[in-house]
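This report concerns only the one structure given below.
Read-outs throughout are calculated quantities, based only on the coordinates presented, and are distinct from any laboratory measurement. Not measured: the values here are computed from a predicted model. Using ideal geometry, Cβ is built from the backbone for each residue, glycine included, and neighbour counts are taken over all protein chains shown.
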Amino acid sequence: MTKLIVANWKSNPLTQTEAIELAKKTDKANVVICPPYHFLHQIKSGIKTAKLGAQDAFWGNLGAYTGEVSWRQLKEAGAEYVIIGHSERRNYLKETDELINNKVIACLDGGLKVILCVGESSEIRNKGINHAKQFVERQLDLDLIGLEAISSQLQANSLLIAYEPIWAIGTGKPDTPENASQMAKSIKDFLANSYKLSASVLYGGSVNSKNAAEFLGQKEIDGALVGGASINAEEFLKIIAQTK
Ligand code: PGA
């Protein structure tokens with residue numbers, strides 16, 4: 001199966017010119033570019049091959065939700081994917097599982113492909129990988145409440161899980177490909193058993209051009225969610241090249 005590479009630009013770059021240039025350079029097959037909201041429209045018209053995604057979405061349709069951008073507006077802007085529950089939002093914005101659950105269900109119901117981020121802290125991982133698995137399963141249970149009710153109308157592959165151990169994000173200290181693969185397998189088994197769902201699992205956390213091949217070479221890992229390395233076109237192109 002071809003692996004998917006998702007670029008999470010976070011709050012980068014500064015200008016529209018830089019954003020368009022980066023998007024055009026990395027406009028390749030099996031790539032999803034997730035820029036900040038205000039670059040979405042321009043990037044949509046600038047790319048031909050890559051898919052467009054957003055870094056978050058509000059669960060309401062249209063209405064009185066000051067400061068929020070709804071899933072419906074994202075679709076209108078050309079986004080096909082949306083990242084929900086990133087650990088930076090869970091941390092800085094204090095997003096709860098309840099809030100994340102609302103977003104996941106609304107976006108799936110509205111026809112966006114959801115990349116749901118889960119992952120444990122270093123405190124939990126230090127207690128052993130089984131603790132990490134239990135923590136992630138609990139996150140999945142809370143974040144996916146109500147999924148059964150809409151599952152019959154979902155298109156195939158509309159829910160993707162990004163396993164991103166918090167301690168590996170932006171630290172230059174990725175998980176080992178073997179452990180990440182074990183976590184991916186356990187997430188897939190859990191979703192199959194609890195929700196009769198087969199979902200792709202991406203790995204995220206300090207993926208770069210030097211370690212990407214090892215992660216992407218794991219059978220259970222269906223792609224990568226890339227932060228820091230996605231805003232450097234040369235580096236990101238080297239990662240994309242490893243999906244072939
Ligand atoms: P990183 O970020 O690649 O910079 O570790 C990954 C992410 O936050 O999605």
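Arrange Tyr203, Tyr81, Tyr195, Tyr163 by Cβ neighbour counts within 10 Å, fewest through most, would you?
By the 10 Å Cβ count, ascending, the order reads Tyr195, Tyr81, Tyr163, Tyr203.
Mind jotting down the three principal axis lengths of segment 1-41 based on Cα atoms? Whole angstrom, largest first.
Cα spread of segment 1-41 along its principal axes, largest to smallest: 35, 17, 15 Å.
Between Rg and the Kirkwood Rh of the chain, both from Cα atoms, what is the Rg to Rh ratio?
In the chain, Rg relative to Rh is 0.94.
Run the simple label-point estimate for Gln16 and Thr49 please: 7 Å along Cα→C-beta, distance reported in nm.
Once both label points are built, they end up 2.6 nm from each other.
Please name which of Ile83, Ser206, Ser151 has its Cα lying farthest along the dipole of the chain towards the positive end, using unit charges on Cβ (Lys, Arg +1; Asp, Glu -1) and the Cα centre as origin.
Highest projection toward the positive end goes to Ser206.
Using only the Cα atoms of segment 40-132, what do you get for the radius of gyration and for Dmax, in Å?
Calculated on Cα positions, Rg and Dmax stand at 15.3, 47 Å.
Full-extension gain between Ser151 and Asn126, please, as 0.36 nm times their residue separation minus the C-alpha to C-alpha distance.
Answer, rounded to one decimal: 5.5 nm.
Taking the Cα of Lys219, stepping 7 Å toward and past its beta carbon, and measuring to each backbone N in segment 1-22: which are under 20 Å?
Residues passing the 20 Å test: 1-4.
For segment 7-23, what does the Karplus curve 6.51 cos²θ - 1.76 cosθ + 1.60, with θ = phi - 60°, yield as ³J(HN,Hα) per residue in whole Hz, taken in order and with x for Gly and Pro?
Once rounded to whole Hz, the list reads 9, 9, 6, 6, 8, 9, x, 7, 10, 5, 4, 5, 5, 5, 4, 4, 5.
Along the charge dipole of the chain, Cβ charges K/R +1 and D/E -1, which of Ser121, Ser186, Val31 sits furthest on the positive end?
Val31
Could you give the dipole magnitude of the chain about its Cα centre, charging the beta-carbon of Lys and Arg +1 and that of Asp and Glu -1, in debye to the nearest 20?
In debye, rounded to 20, the chain gives about 540.
Could you give the radius of gyration (one decimal) and Dmax (whole number) of the Cα atoms in segment 112-244, in Å?
Reported Rg and Dmax, both Å: 14.8, 43.
For His41, His86, what ranking results if the residue with the fewest other Cβ atoms within 10 Å of its Cβ goes first?
Fewest to most other Cβ atoms nearby, the residues stand as His41, His86.
Work out, step by step, the length gained on full extension between Leu237 and Glu76: first 0.36 nm times the residue separation, then minus their alpha carbon distance; give nm to one decimal.
Extending this stretch completely gives an extra 55.2 nm.
Would you mind getting me the FRET efficiency between Lys25 and Leu93? Use the beta-carbon distance for r and R0 = 30 Å, nearest 0.05.
Once rounded, the FRET efficiency stands at 0.50.
Counting other beta carbons within 10 Å of each residue's own, what order do Ile105, Ile100 fall into, fewest first?
Values: Ile105 20, Ile100 24.
Result, fewest neighbours first: Ile105, Ile100.
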